[in-house]
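So the structure is just underneath, and the comments pick up after that.
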Amino acid sequence: MTFARTTKLFGREIAAVAVTFLGLLLVTFFIGRVVPIDPVLAAVGDRAPAEVYERVKVELGLHLPLYEQFWLYLKKIAQGDLGRSVLTSNTVLADIGRVFPATLELATLGTIIGVSIGVPAGVLAAIHRGTWIDQVVRVVGLFGFSVPVFWLGLMGLLVFYRILGVVGGPGRLGVAFEDIVDPITGVILLDAALRGEWEVFRNAFSHLILPACVLGYFSLAYVSRMTRSFMLEQLRQEYVTTARVKGLPERRVVWRHALGNAMVPLITVIALSYANLLEGSVLTETVFAWPGLGRYITNSLLNADMNAVLGGTLVVGAVFIGLNLLADILYRLVDPRAR
């Protein structure tokens, strides 16, 4: 590929990301204007004098036409200003920086669990299509799509925490282990390992593993189903028949050649599954009292804190855009034909 063509393709990717992000900004801006919540009243309270109300309205720029308000909104976003949270009195960016590592930690482990089990399960289901193995994988996946996440979380707490006592309870840490490790990254497992606090590490892991398994189960259901579908398509291709005729071992035909080609679309599936766990863990974080982004957005919405809600929504959208871009890059690395 020539340098000029590479530059052109790179420019297209950047332009597509920029347009998508601009659309995201436009949507979040108008959501903030059409919801039946007065941001001025949320800031000053419903007992504030009329002159205070008008002064704050002017300070927020809400007296201007919509197109001017949107321009001011774009300028603030460009400066990293997502506004100030009414609920915490902190800047929204600071609040998100505090809670997002908890969601990142939870979603990452959930994705690792879902992918490490879901991909082999999907491959085995495709190899043994129509057998009891296939039926078990499909039933497990169907159950994962059907069962409510809050019910599964509550049952997990009842069985593994209350009855068996093999995992930690709600929250990220036990009370005795809080504030022992000074945050470096905000990810407790990583911070505890960097500080050499292995007791804190074990306690944090005992609290993390159950909610991560709950999220991982839903990721497993989606990934295994898509892996099975992709593998069935690949196993019908002529190159698989040719490889078998040439006498290649079945393990190599399936796990190297067929799965290697199935990984191309599967990368996108895994990236989207990861993004869904990052933004869709609201109920899981609520059940397990996990102080992450989903719980932060929910509490902000219940308290009419629209700056925090829109800031969190913007971050979630940016994560989706970033992971889609990463999936496109990995797609080209894995599949030479896409280059």
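In this simple spin-label model, placing a label point 7 Å from the Cα along the Cα-to-Cβ direction at both A193 and L22 gives a separation of 4.2 nm.
With Cα atoms defining each centre, region 316-334 and region 66-113 are spaced 20 Å apart in the structure.
A cut-off of 5 Å between modelled amide H atoms, ignoring neighbours fewer than 5 places along the same chain, links R84 with V92. With N the number of residues in region 1-133, Rg(Cα) / (2.2 N^0.38 Å) evaluates to 1.67. Close amide-amide hydrogen proximity is noted between A289 and G171, each under 5 Å apart and 5 or more residues distant or on a separate chain (H modeled in the peptide plane; Pro and chain starts excluded).
Can you give the extra length, in nm with one decimal, that the chain gains between V34 and A94 once fully stretched, where that is 0.36 nm per residue apart less the Cα-Cα distance? List each step's numbers first, then the result.
Values: separation 60, 0.36 × 60 = 21.60 nm, distance 2.58 nm.
This chain segment gains 19.0 nm when fully extended.
Dividing the mean sequence gap of close Cα pairs (under 8 Å, 6+ apart) by how many residues region 109-193 holds gives a relative contact order of 11 percent.
In a Debye calculation with equal point scatterers on the alpha-carbon sites of the chain and no solvent, what is log10 I(q)/I(0) at q = 0.09, 0.11, 0.14, 0.15 Å⁻¹? The Debye formula, applied to the Cα set alone, gives -0.64, -0.91, -1.22, -1.28. Ranking P101, L142, S85 by how far each Cα lies toward the positive end of the dipole of region 1-155 (charges on Cβ) leaves L142 at the top.
Only DSSP H runs of four or more residues enter the estimate; each adds -39500 (n - 2.57), and after division by the residues of the chain the mean residue ellipticity at 222 nm equals -24000 deg cm²/dmol.
Note that region 257-263 has calculated 3J(HN,Hα) couplings of 7, 5, 5, x, 6, 5, 5 Hz, one per residue in order, obtained from phi through the Karplus relation 6.51 cos²θ - 1.76 cosθ + 1.60 (θ = phi - 60°); glycine and proline are x.
Loop-located trypsin sites (Lys or Arg not before Pro) in region 204-302 (DSSP state not H, G, I, E or B) with no more than 13 neighbouring Cβ atoms inside 10 Å: R236, K246. For the chain, the longest principal axis of the C-alpha atoms and the axis of helix 66-78 are separated by about 60°. Residue by residue, region 223-240 carries 3J(HN,Hα) couplings of 5, 5, 5, 5, 4, 4, 5, 5, 5, 4, 5, 5, 5, 8, 6, 5, 5, 5 Hz when phi is fed to the Karplus relation 6.51 cos²θ - 1.76 cosθ + 1.60 (θ = phi - 60°); x denotes Gly or Pro. Put simply, the amide H of V187, placed in the peptide plane, has no neighbours under 5 Å, leaving out anything fewer than 5 places away on its chain. If you take all other residues with their beta carbon under 13 Å from the beta carbon of L210, and give Lys and Arg +1 and Asp and Glu -1, the sum is +1.
No lab work stands behind these numbers, since they all come straight from the coordinates. These numbers come from a predicted model, not from an experiment. Using ideal geometry, Cβ is built from the backbone for each residue, glycine included, and neighbour counts are taken over all protein chains shown.
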